[in-house]
Amino acid sequence: MSLSRRQFVQTLSAGAAGAWIGARGREASIFGGLEGLHAQGDPLILASNENPLGPGQAVLNAVRGSFSEAGRYPFATAADVTRAIAESHKLKPQNVLIGSGSTQILRTSTHVFTSKTRPLVACIPAYEECADYARLMGHPISTVALTPGSLTMDLDALLGASKGGGLVFYCNPNNPVATGVDAKGTRDFITALLKASPDTTILVDEAYFEYATMPGYETMIPLAVDNPRVVVARTFSKAYGMAGLRLGYAVGHPDAIKKMGDWDGNGTVSVLALAAGMVAATQDPSIIAAESRRNTEARSFTAKWFSDRGYTPTDSQTNFLFVDIKRPCREFREACAKHGVMVGRDFPPYEKSHCRISISTLADMQRAVQVFEKVLAQPSAAAA
Amino acid sequence: MSLTRRRLFERLGSVAAFPMSGEAVAARGREAAEAEGVALTAAAQNGSTIRIASNENPLGPGQHVLDAIVGRFPEVGRYPFNAKQPEAAIVSALASMHSVANNRISLSAGSGELLVNAVRAFCTADRPLVTAWPSFEAPVTTANKMGLPVKMVELDGELRIDIAKLVEASKGAGLVFFCNPNNPTGTVHGAAAVADFVKQVRAASPNTVILIDEAYHEYVTNPSYQSAIALAAETPNVFVTRTFSKAYGMAGLRIGYAVGHTETIAEVNRYRMPFSIGLPNIAAAVTGLGNPRHIESERARNTAVRDFTTKAFQEMGYSATASETNFIFVDLKAPAAPFRDACREHGVLVGRDFPPYEKTHCRISMGTMEEMQRAVQVFRKVLGNTTIAAGQHGR
């Protein structure tokens, strides 16, 4: 890789302007664009928590099958897909709002549930989209630190900060730290929140739902459909392997879904995404179960590799690891990039010690750890 | 026009009450939801429905574009920013095509997203949206949702944007929306008139942002017309929106863009939804831009179909406005709704109501020549049936 150090420093200083740098996979800007790297051969991208295998042939065939509609506005199809997704959860179309990835769902939630007087409340770090949007709109943001050590959400502190909030962003499992909260913990939190702050809405982002393996982890969809103050976000960008197609959705009570849909509909969702989503939402559940098993195996291998060498990852419930690499993430990232392996961006306040590494195939991870071995063998330039 | 503000808002309110209203905000062609929601599934199955309601290109984007999409299948699991061909490739292609710097271009998921974001970026409670009316509704719908003031300026006698009145209304406005050619009326203003409009607004209200929507640019054949992109690139507070949804045949792929002065583009870009253009969709846009001949032939095809259809209406005794688009706005001398319902009975889906002209005019998009030949037969049948309207029609 001929990516110059100077280029890195320039792009990083631009990106590091705030604690909340960017959004799901802002790595492209960190690396100053991957085009140059791609030109030098395929880099191994472990930076954006994607499914390396993509969506599978049945979904791609459906995309191809949508070509006759490429010139048509896809709104009728959007209604069909909304219904199919709803039915896959045994719900009604009024319970579902689709969007351009869950990105749009997160932005819409922030738009309708926060205001200049009702802040966004979120753990830090957590996935940045809601905070980015709140900042854009000039809405206040309250942040809550994670529990030291385990890097799980500090639910007591989050509850305290949530009173009077417009929206609590509750990312479970939490990106970038990979930890999860079990169903009892989440339910108790929601119950306490609704009691303590009845006008506050909670958005439970379950982007990594399909990858969670911890005992007792469950979706909050049943809670959401019964309560207009609880909304769940899901995406086809992770286990479903469709990050390039841009499809996600919200599940909730019809009142909450209507409020969100009235602000921003699905005019941004392409017919390709809809065709793919129709198949993905109705496919045999064994397909996603197999993807989850594949990920768990590759994740366990990689986590063990780090643990065996004294670099501790958090208890990952996702398709990425958050590893204490005992050196600045930037230094590690830059060194890995020179070997053609792209790892995650900085996540303040952990950017001096931790790196987020996405899980690819087992073969890819076996290749990646050889690079990590080389890079970690070098003493850290910034070692304290 | 005797149109009152109140009636307009009632109208818009009724549109907003439609259960899929959210979709209309960010996109053109809400007929797909309103008319086709019911009709499409059944009728499309036998392939006979003629969809001429949403100003789409009936031929789609062309095989070259579809092949490019398939070429990206191996990367579909990646986010668009990790693509071997990221969004910047569209920006570069557009910059080269329009001879402007990259930072004068903003992309979006269809140009509808830009129209929404323009209102959010530039209008406030004190700085209204100003728009000709009727015109494309997305800016008005957005302003209404946000509770921001809107000034609507009626069209002139030829159903063209009334420039003098629009300039007058734009004083103190946050954003003035100038759709050229204008949807739904199809009428256009020439380059000199547009330049003069920009100059006058700049003089009368220098802080007002001017948005010139050129969604139908590629279909214009009037020699006096010229894109305002060059003007926008060098004039503060002016930008032009374009779309891949019309002549490029990619309405289903959701790609649009804006070109304008750097600061204006930067401001509207702040509101952009991140990576809203899909990874294969990027390839579609780049491939479409790389084949200008395809667009030229689409323009010629559309012009022939438009001439045929306009003439057919003339022969029936109905006149259309001077369309420079892929639709015509026809004076039916009767309300659009019963005409639309009757056409639908015959498998032909035509445009929605456009108040204040819903009692007299209908917007009819151009399908293929073969489709329009069939559609004209339906129009003859429907318009010959005097029970659909209050008045008699000349034949």
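Derivation of every value follows stated rules applied to the coordinates shown; laboratory data play no part. As the structure is a prediction and not an experimental result, all values here were calculated from the model. Reconstructed Cβ throughout: ideal geometry from the backbone, glycine too, with neighbour counts over all protein chains shown.
Please report the projected area of the range A:174-306's Cα convex hull averaged over all directions, in nm².
9.6
Quick one: which of A:358-370, B:103-115, B:354-366 comes out on top by average Cβ neighbours within 10 Å, and what's the full order, highest first?
B:103-115, B:354-366, A:358-370
Residues of B:245-253, mean number of Cβ from any other protein chain within 10 Å of their own Cβ, rounded to a whole number?
5
So which residue, out of A:N227, A:N295, A:N51, gets the largest mean-square fluctuation from a GNM of chain A using Cα contacts under 10 Å as springs?
A:N227
In the neighborhood of B:R301, defined by Cβ-to-Cβ distances under 14 Å, what is the net charge if each Lys or Arg adds +1 and each Asp or Glu adds -1?
Taking every other residue near B:R301 into account, the sum is -3.
Can you report the principal axis dimensions of the range B:63-291 using only the alpha carbons, biggest first, rounded to whole angstrom?
For the range B:63-291, the Cα spread along each principal axis is 54, 38, 28 Å.
Compute the distance in nm between two label points, each set 7 Å from the Cα along the Cα-to-Cβ direction, one at A:S380 and one at B:K199.
6.5
When each pair of different Cα atoms in the protein assembly as shown is counted once in the 1/r mean, what is the Kirkwood radius in angstroms, to one decimal?
27.1
Taking each residue of B:268-276 in turn, how many C-beta atoms of other protein chains fall within 10 Å of its C-beta, and what is the average?
Partner Cβ neighbours, averaged per residue: 6.
Bin by bin, in steps of 20 Å, what percent of the Cα pairs in chain A do you find, going until the bin that has the longest distance?
Bins of 20 Å from zero give 29, 59, 12, 0 percent of pairs.
What distance in nm lies between label points placed 7 Å from Cα along the C-beta direction at A:D284 and A:M214?
3.2
Ordered by packing density, taken as the mean number of other Cβ atoms within 10 Å over each peptide's residues, highest first, how do B:269-276, B:286-293 rank?
The densest-packed peptide leads the list: B:269-276, B:286-293.
Figure the gain on full extension for B:R380 and B:S224 (residue separation times 0.36 nm, minus the Cα-Cα span) and round it to one decimal in nm.
Here the answer is 52.8 nm.
Measure of size requested: the Rg and Dmax of the range A:57-285, with Cα atoms as the atom set and Å as the unit; please supply both.
Looking at the range A:57-285, its Cα Rg and Dmax stand at 17.1, 54 Å.
Take B:S319, project a point 7 Å from its Cα along the Cβ direction, then tell me which residues of the range B:136-171 have their backbone nitrogen under 12 Å from it.
Correct set: B:157-159.
So, in nm, how far is label B:D331 from label A:R309 when the simple model puts each one 7 Å beyond its Cα toward the Cβ?
8.0
Let me have the 222 nm mean residue ellipticity of chain A computed from DSSP H runs of 4+ only, each contributing -39500 (n - 2.57), with the sum over all residues rounded to the nearest 500.
Per the formula, -13000 deg cm²/dmol.
As an exercise, use a Förster radius of 30 Å and the Cβ-Cβ distance of A:F301 and A:M137 to find the FRET efficiency, rounded to the nearest 0.05.
0.10
If r is the Cβ-Cβ distance from B:M369 to A:R293 and R0 is 51 Å, what FRET efficiency results, to the nearest 0.05?
Efficiency, rounded to the nearest 0.05: 0.40.
Do any chymotrypsin sites (Phe, Trp or Tyr not before Pro) in the range A:38-141 lie in a loop, going by DSSP, with at most 12 other beta-carbon atoms within 10 Å of their beta carbon, and if so which?
none
I'd like to know which of B:N102, B:L211, B:V188 lies farthest towards the positive end of the charge dipole of the range B:63-291, counting +1 on Cβ of Lys and Arg and -1 on Cβ of Asp and Glu.
Result: B:N102, furthest along the dipole toward the positive end.
Please give the FRET efficiency for B:D156 paired with B:S96, using the beta carbon to beta carbon distance and R0 = 35 Å, rounded to the nearest 0.05.
Rounded to the nearest 0.05, the efficiency is 0.40.
Which residue fluctuates the most in chain A, going by a Gaussian network model with Cα springs under 10 Å, if the choices are A:T314, A:T201, A:T114?
Top of the fluctuation ranking is A:T314.
Would you work out if chain B is rounded, prolate or oblate? Take a ≥ b ≥ c from the square roots of the eigenvalues of the alpha-carbon gyration tensor; rounded if a/c is under 1.5, else prolate when a/b is larger than b/c, oblate otherwise.
Cα axes put chain B in the oblate bin.
For a label point 7 angstrom out from the Cα of B:T262 toward its Cβ, which stretches of the range B:83-115 have the backbone nitrogen within less than 12 Å?
From the range B:83-115, the list is B:101-105.
Tell me the mean residue ellipticity at 222 nm calculated for chain B from its helices only (DSSP H runs of n ≥ 4, each -39500 (n - 2.57), averaged over every residue, nearest 500).
When only DSSP H runs of four or more count, the value is -13000 deg cm²/dmol.
Is there a quick way to get the dipole size of the protein assembly as shown? I mean about its Cα centre, with the Cβ of Lys and Arg at +1 and of Asp and Glu at -1; what is the value in debye to the nearest 20?
With Lys and Arg at +1 and Asp and Glu at -1, about 480 debye.
With both partners inside the protein assembly as shown, how many of the DSSP beta bridges are antiparallel, as a percent to the nearest 5?
Around 45 percent antiparallel, to the nearest 5.
Across the residues of B:98-111, average count of Cβ atoms on other protein chains within 10 Å?
1
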